[in-house]
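Peer 1: Dumping the structure here so I can ask a few things about it.
Derivation of every value follows stated rules applied to the coordinates shown; laboratory data play no part. This structure is a prediction, so every number in the text was calculated from the model and none was measured. Quick reminder, even Gly has a Cβ in these numbers, built from the backbone with ideal geometry, and neighbours come from all protein chains shown.
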Amino acid sequence: MRHGLAFALGCLRNPRHIGAIAPASRALARAIASEVSRTETGGVLIEVGAGTGAITRELAASSAALDRFVVIERDPDFARMLRRAFPLAEVLNHCASLVDSIPIDVRQPVTLVSSLPLLSMPREEARRCEHAMLALIGRQPGSRLIQYTYAAPHLRPFHGIPPGWHWRRSASVWANLPPATVWALERVPSLTFLGVH
């Protein structure tokens, strides 16, 4: 009950930064956690735009094999709630556009999970976040970005990705309000034809 109330209050405080009409469903959270689990043991897991923690809960349950779990949330009330709920996570109260400033060993791969409502955010703000996420995964070998959207399932989360990267549709989740598509942005395997994105 408190989870839904916190979501509703967040919508009232800043509706353009809440991309859905309800918190992410358990089915969506599990689909994202399943995609995260494809990562080999070790590395850093970062979630940006965690909100009330609907997805964070599933990620925390599967983060034991990782070296570090970082959660970024710009809403101070949500961030305080996340610190209480997930004491083992590093919860940072700042904008996702600063994600590339997190100090990480250059040898550690990053799995970056974005719950940012990129399609409903102000365009310039969304672009800053996209650039920061791309900068982070681009500098850490073996890294990738997982992003879900509520748009038509064939529409990629955003364009302008660097050469050598491509979006892969990971899952369609109908048991969510609204239905969602989970995407993974990864480097193109060396044997893949580079002209396909």
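Peer 1: Quick check for you: which residues of region 98-116 have the amide N under 18 Å from the point 7 Å beyond the Cα of THR41 toward its beta carbon?
Peer 2: Only 108-111 fall inside the zone, counting backbone N under 18 Å.
Peer 1: Hey, another quick one. Roughly speaking, what is the stretch gain from ARG128 to TRP165, that is 0.36 nm per residue apart minus the C-alpha to C-alpha distance, in nm to one decimal?
Peer 2: My answer for the length gained is 11.4 nm.
Peer 1: Please tell me the relative contact order of region 2-187 in percent, rounded to the nearest whole number, where contacts are Cα pairs under 8 Å and at least six residues apart.
Peer 2: 22
Peer 1: Let me have the 222 nm mean residue ellipticity of the chain computed from DSSP H runs of 4+ only, each contributing -39500 (n - 2.57), with the sum over all residues rounded to the nearest 500.
Peer 2: Helix contribution divided over all residues of the chain: -9000 deg cm²/dmol.
Peer 1: Something else about it: Report the calculated FRET efficiency for GLU90 and LEU155 (r = Cβ-Cβ distance, R0 = 30 Å), to the nearest 0.05.
Peer 2: For R0 = 30 Å, the calculated efficiency reads 0.40.
Peer 1: Taking square-rooted eigenvalues a ≥ b ≥ c of the alpha carbon gyration tensor, is region 39-128 rounded, prolate or oblate, where a/c under 1.5 means rounded and, failing that, a/b exceeding b/c means prolate?
Peer 2: Oblate.
Peer 1: Candidates (1) 0.96; (2) 0.93; (3) 1.14; which is the computed Rg/Rh (Cα atoms, Kirkwood Rh)?
Peer 2: The value matching this structure is (2).
Peer 1: Still on this structure, please answer the following. Once you put a point 7 Å from the Cα of ASP77 and another 7 Å from the Cα of ALA27, both along the Cβ direction, what distance in nm separates them?
Peer 2: With each label point 7 Å from Cα toward Cβ, the separation is 3.0 nm.
Peer 1: Going by how many other Cβ atoms sit within 10 Å of their own, how do TRP165, TRP174, TRP183 line up, fewest first?
Peer 2: Fewest-to-most Cβ neighbours within 10 Å comes out as TRP174, TRP165, TRP183.
Peer 1: Give the angle, between 0 and 90 degrees and rounded to the nearest 10, that separates the Cα long axis of helix 26-36 from the longest principal axis of the Cα atoms of the chain.
Peer 2: It works out to around 30 degrees.
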